[in-house]
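Remarks on the structure that follows.
The values are calculated or read from the model by the stated rules, or taken from the named source; none is laboratory data. These numbers were taken from a predicted model, which means no experiment stands behind them. Neighbour counts are summed over all protein chains in view; Cβ atoms, including those assigned to glycine, are modelled from backbone coordinates with ideal geometry. Quick note on the areas: whole protein, heavy atoms, side chains included, nothing else; ligands and nucleic acids left out. Shrake-Rupley method; radii C 1.70, N 1.55, O 1.52, S 1.80 Å.
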Amino acid sequence: MSEKRLCCTVMRINLDCNACCRKVRRILTNMKEVETHMIEKKERKIIVCGQFRPSDIAVKLQKKMKRRVEILEIEDLSGGNGGEEEHYHHEPPYEPQHEYPVQSDNMTTPLLC
């Protein structure tokens with residue numbers, strides 16, 4: 001179980017109407033872990049900052065709103081370098097399993113007849 005850390009999380013949730021936005025705002029303001037939040041209704045995004053585990057906040061929102069919540073981005077603000085550099089936790093880039101040898105120019109391949 002990882003400990004709570006200071007981070008900002010961008011989540012996607014379907015916000016159909018103003019009542020949904022009010023409900024999300026009420027839920028987030030009642031969470032003691034959340035320091036600040038921003039709701040972008042047109043983009044269907046919620047940005048939440050505070051000291052928490054992002055998965056915990058997403059699960060709480062999902063249960064209370066009865067809607068699917070996707071975590072789009074997590075920015076860790078409690079880094080050891082004083083928060084100067086931004087840390088994004090994304091999937092590592094694709095790396096091929098095998099490395100194929102590169103033939104040098106002076107070497108020719110024999111022809112099989």
Can you tell me how many residues within the range 35-56 are in contact (Cβ under 8 Å) with a residue 24 or more places away in the chain and either open to solvent by 70 Å² or more (accessible area, probe 1.4 Å) or within 22 Å of Cys17 (Cβ to Cβ) (or both)? 8
Test Lys32 against the criterion of being assigned to a loop (DSSP other than H, G, I, E, B), within 23 Å of Ser78 (Cα to Cα), open to solvent by 80 Å² or more (accessible area, probe 1.4 Å) and not acidic (Asp, Glu), and give yes or no. yes
